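Undergrad: What follows is a single structure, and I will ask about it in a moment.
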Amino acid sequence: SSGGYIHKFNPITNSVTSFSEADAMGYAPTGIKISSDVLHVTDYTRDQVVEIKKADMTYQTTYGTSASIGELQDEIAYHFYGPWRIVGLLTGTFIIADHYTDVSYDYARLVSFDALDAPSSWTMYGSFGSGENQFNFKFTE
């Protein structure tokens, strides 16, 4: 990704297909999970996960919404405050590093769910800090 765009290069045709924030992304695509037919992209700016059809790089849908300060301690499905990285396990489970920090608030947790369209499977792990079951993520762009 670059400047809010995700680029797909086809070495056979020597062509590039791009997906931009105008197609639903914010300005900070920070993590990509690639599966057989779709891409799942964490969008830090808009606090969501965007699903893109891999074949032609077209927008499919988004999951998530911004959490208000204080909501992060609740397990409200699809409320993010900074989805930064995404991992997909072979079991189909998604894990997202959800992190936000400013001068007044620090939040860090892992969020796990079995499918993006299954809010009942939402599980939150940990909180911000340096102790047991706490995270202080260090990300680079």
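Undergrad: Which lysines have a Cα lying under 20 Å from the Cα of K54, excluding residues fewer than 8 positions away in the same chain?
TA: Candidates past the 8-residue exclusion: K8, K33.
Undergrad: Then there's this: Taking amide H positions as placed in the peptide plane 1.01 Å from N, state which residues far from W84 in sequence (5 or more) or on other chains have amide H under 5 Å from it.
TA: Result for W84 returns A97, D98, H99.
Undergrad: Give me, ordered by chain and number, the residues 5 or more places off Q48 or on other chains with an amide H under 5 Å from its own placed amide H.
TA: D43
Undergrad: Provide, as a two-decimal number, the C-alpha radius of gyration of the range 85-137 over 2.2 N^0.38 Å, N being how many residues it has.
TA: 1.23
Undergrad: I've got another one for you. Using 0.36 nm times the number of residues separating D114 and S66, minus their current alpha carbon distance, what extension gain do you get? All intermediate terms of the calculation are to be shown ahead of the outcome.
TA: Working: separation 48, 0.36 × 48 = 17.28 nm, distance 2.04 nm.
Answer, rounded to one decimal: 15.2 nm.
Undergrad: Additional query: Please list, in order along the range 76-84, the HN-Hα scalar couplings obtained from phi with the Karplus expression 6.51 cos²θ - 1.76 cosθ + 1.60 (θ = phi - 60°), rounded to whole Hz, x for Gly and Pro.
TA: 8, 4, 6, 9, 10, 10, x, x, 9
Each reported figure results from applying straightforward, stated rules to the coordinates on display, with no laboratory input. Model, not experiment: these values are computed from the prediction.
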